[in-house]
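A quick write-up on the structure given underneath.
Values quoted throughout were computed directly from the atomic coordinates according to the rules given, and no laboratory measurement underlies them. Just so you know, these numbers come straight off a predicted model, no measurement behind them. Here the Cβ is made from the backbone with ideal geometry for all residues, glycine too, and neighbour counts use every protein chain on show.
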């Protein structure tokens, strides 16, 4: 399948989840995308899946405390300055679940894009192709840099624990990314990037299967808007 | 007719206190392989960048004189326009890879120079075959080792069919056999090449001529036989270090690995049933081809990895120096960086910095240091904790031969108080420093 057709399918599933009005519909889409992500190697997919699940869980926990909808309270808590009375209603729980599942679906769609698609082929024909391709590689590079800094610290007997401890890595990570960016820019210029008369490798022909994928993507978006 | 000509080139980087290159004149003939030697900071990389047009176009600075490649003045052509006539391979392959799939990566330069679309993949595959890496074509770059990435970078350069190849430390991540094979490929291409390398013994076997730079000047420009004589007389460290005369004390065992197994991916053990014993006072070198698990064994010994099976015992404290010195640029000041491992004890940090020749640099930012200074900062950051087991992973990567001699001397100082495990591809350095060597392969050999 052409990467563009696969991207259309992933985007359609994410849009369908955002348009879904029922928890079951959003859950179905999120589950399908989760199953797709499982095709990636376990050590690479872990960061994306954990990040998505933690974010979705956060939305599920916080939404009922912030929203004030519904008339069927399940739990009534204290009065908090600024926020007022804290309570949880069944309508708020339902809304929280829907929002969390929508976020999970979008996160899984991005994970599938980052882990499984051929970005080189996908972005080849577009003007912004190279910066976008490099941006896609930024996450694993930062992840590797962070692991390297942590390992160097452990090799000096320094243990880094918790969010606060890891926050000291933000500045060196940024500096590394900038340094790497400059070196890469130099290498790209030396390899002729930015010169007039650029050509491109031939694109594989558009097949019936690819056209069917795009049609399916349109149908998924329509289903998301009308039935999910 | 000369392929490239440098005429009275003097170049100063922006904000630098002095020129990086001083009054250089030379010429390169078609097909000639030239070894560019010299200490760190002598101007080797700058000279290669001048041939690529990156100096002055990319870096700015003051450029006097003239560099001409195949009749083109580099001042009037941008580096991108010179691509195809010259092709560069830089030191760190990670920092020059643009795309995700190997075949696309090799094709990238061909697309940029406007090669005919129908020929691009064919030329890319042929270039991969030339460097013995056609089997990598359909893999993603994330899966490749450092050595494989260096071959992919060479293939990307060769695919352009340049008249002049510029190779800056191209074998820094390769084991001796792989480095020999790599340089053999380069010499067999029939393309003129300038090769900067800190392991000169091997480069000299493949080069026709030697340039030796120091403080931005060409000290020597001679054919290899004459260059060998000159090096022997004036810079003997460049022809290989002398054997060490140290006697190990062989006292208590500091680290013991027994039947150790480790896998990063389930079912694919990188290290399988390894035994290793390190005693206080001895220096042990761990060598072997890329991918035999040397770094993994080192991390298991240092306690940075926990074995899946077997026993790893460590008596006392371990300190491990990783390959990449930029991993020791966490704090904003040099002294704070070193003090990080000793709970902020600046007095100990200053002593460690002094021992490594970095006194007076305490208030500088680690990233403002030169590459050689960064390496010494990294070593100071580990030595300051006075480990019972010191593990060094490729400590001579990018280090010139003269500084290797100094580094060996430094590591011998205080070696009797600790056990030292040295992971290296550098046979000369291992020979000069280690009491015994373990060569990993299918069956480990102890020397």
Taking A:212, B:320 and counting other C-beta atoms within 10 Å, the order from fewest to most
A:212, B:320
Once both label points are put 7 Å beyond Cα along the C-beta direction, the residue A:170-residue A:87 separation in nm becomes 3.8
In degrees from 0 to 90, rounded to the nearest 10, what is the angle of the helix B:371-383 Cα long axis to the longest principal axis of chain B?
10
How large is the Kirkwood hydrodynamic radius of segment B:1-122, in angstrom, based on all distinct alpha carbon pairs?
15.9
Classified through the alpha carbon gyration tensor (a ≥ b ≥ c as square roots of its eigenvalues; rounded if a/c is under 1.5, else prolate when a/b is larger than b/c, else oblate), chain B comes out prolate
Would you mind computing, in nm to one decimal, how far apart the modelled labels at residue B:205 and residue A:61 are, each placed 7 Å from Cα along Cα→Cβ?
6.1
Which angle between 0 and 90 degrees, to the nearest 10, do you get for helix B:102-112 versus the longest principal axis of chain B when only C-alpha atoms count?
30
Please order A:213, B:329 by the number of other Cβ within 10 Å, starting at the fewest.
A:213, B:329
Calculated FRET value between residue B:116 and residue B:272, using beta carbons and R₀ = 41 Å, to 0.05:
0.25
Segment B:364-405 residues near the modelled residue B:317 label - backbone nitrogen below 16 Å, point 7 Å along Cα→Cβ:
B:379-391
Take every residue in peptide B:84-95, count the Cβ atoms of other chains within 10 Å of its Cβ, and give the average of those counts.
3
Can you list the residues of segment B:361-401 with backbone N under 15 Å from a point 7 Å past the Cα of residue B:15, pointing along Cα to Cβ?
B:364-370
Working out 0.36 nm times the residue gap between residue A:183 and residue A:142, then minus their Cα-Cα distance, what length gain in nm do you get to one decimal?
13.2 nm
Where labels lie 7 Å past Cα in the beta-carbon direction, separation of residue B:359 and residue B:26 in nm:
3.6
With 47 Å as the cut-off, how large is the P(r) tail for the protein assembly as shown, expressed as percent of Cα-Cα pairs?
26
Once you compute Rg and the Kirkwood Rh from C-alpha atoms, what is the Rg to Rh ratio for segment B:106-158?
0.96
Using Cβ contacts closer than 10 Å as the measure, can you line up B:328, A:48, B:264 from fewest to most?
B:264, A:48, B:328
Treating the angle as unsigned and between 0 and 90°, give the value, to the nearest 10°, between the Cα long axis of helix B:146-158 and the longest Cα principal axis of chain B.
0
Expressed in nm to one decimal, what extension gain is obtained for the pair residue B:76 and residue B:413 from 0.36 nm per residue of sequence separation less their Cα-Cα distance?
116.0 nm
Apply the Debye scattering formula to segment B:329-447, with a single equal point scatterer on each alpha-carbon and no solvent, then give log10 I(q)/I(0) at q = 0.14, 0.23 Å⁻¹.
-0.61, -1.36
With the Cα gyration tensor of chain A giving a ≥ b ≥ c as the square roots of its eigenvalues, does the rule (a/c under 1.5 for rounded; else a/b larger than b/c for prolate; else oblate) give rounded, prolate or oblate?
oblate
